[in-house]
Amino acid sequence: MSDHYYSQSPDVKHNRQVHEVSLRGFPFRFVTDAGVFSKSGIDYGSRVLIDALELKADAKVLDVGCGYGPIGLTAAKLAPQGQVTMIDINERAVELSRENAKLNGIANVNILQSDVYEAVKEMRFQTILTNPPIRAGKSVVHQIFEEGYQLLEEGGSMWIVIQKKQGAPSAEAKLEALFGEVEEVTKDKGYRIFRAVKG
């Protein structure tokens, strides 16, 4: 199982690539590698989430399962006076995110290796973003929702992208049970963006 993107130390052979993309009007260069999520370019779900995202300029943001960094680093550009913490269990992903932050001149980020929320459980956030690791199983996805709720400030929000066929209805039900208020912000090609607000 150690070659999955949600494993701690992928042992697949390196295959580094550089991708140039524009996200929310910002030009980015991302280094990707084998053994991380969506290594061949930014996946459609992450793009839909990035396009839907609304952040205050000084937001305190957490990106859960950051991969090589597209969501968290775009959030850091959208919240230039804020602070974005990015976490992933995959050490290769964490190294790539740090490299990509430098490559794109982004300083308002803190990138940590973390098994779910282990490294940030003493911190609090206004916004949590996640493209959850569906293949890790429903229990992990629900853990991200449950423990994330605890780390949000009152009035804070969690933004999630999930495909309908990969369990969006059960994810929405779980979020409603936790948060009460859940809005479907947008949907595109089967991907749904939920924003759950901690009341």
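Quick notes
- Unique residue being touching a Leu at 6+ places or on another chain (Cβ under 9 Å) and either more than 26 Å from Glu54 (Cβ to Cβ) or surrounded by fewer than 16 Cβ atoms within 10 Å (Cβ to Cβ) (or both) when the list is Met86, Met123: Met123
- Tabulated pairs, the stretch 28-52, first assigned to a strand (DSSP E or B), second charged (D, E, K, R), C-beta under 9 angstrom, 6+ apart or interchain: Phe28/Glu20; Phe28/Lys77; Arg29/Glu20; Phe30/Glu20; Val31/Arg16; Val31/Glu99; Thr32/Arg16; Thr32/Lys39
- So Asp63, is it crowded, with 23+ Cβ neighbours inside 10 Å, charged (D, E, K, R) and in contact with a Leu (Cβ under 7 Å, 6 or more places away or on another chain): yes
- Yes/no for Glu146 being farther than 22 Å from Glu91 by Cα, in a strand (DSSP E or B) and either in contact with a Pro (Cβ under 7 Å, 6 or more places away or on another chain) or among the charged types (D, E, K, R) (or both): no
- Qualifying positions in the stretch 164-199 - touching a residue at least 24 places away in the same chain (Cβ under 8 Å) and of a type in the set (Asp, Glu): Asp188
- Close pairs (9 angstrom Cβ cut-off, 6 or more residues apart or separate chains): farther than 12 Å from Leu151 by Cβ and touching a residue at least 60 places away in the same chain (Cβ under 8 Å) in the stretch 122-133, among the polar types (S, T, N, Q) and surrounded by 20 or more Cβ atoms within 10 Å (Cβ to Cβ) anywhere: Asn131/Ser46
- Meets criteria (under 30 Å from Val185 (Cα atoms), part of a helix (DSSP H, G or I), at pLDDT 95 or above and not β-branched (Val, Ile, Thr)) for Gly67: no
- Every residue from the stretch 177-199 that is charged (D, E, K, R), over 17 Å from the mean Cα position of the chain (by Cα) and part of a strand (DSSP E or B): Glu181, Glu183, Glu184, Lys187, Asp188, Lys198
- Out of Lys56, Lys60, one residue alone is basic (Lys, Arg) and in contact with a strand residue (DSSP E or B) (Cβ under 7 Å, 6 or more places away or on another chain). It is Lys60.
The values are calculated or read from the model by the stated rules, or taken from the named source; none is laboratory data. Predicted, not measured: the structure shown is a model, and the values here were computed from it. Note that each Cβ is placed from the backbone with ideal geometry, even for glycine, and that neighbours are counted across all protein chains shown.
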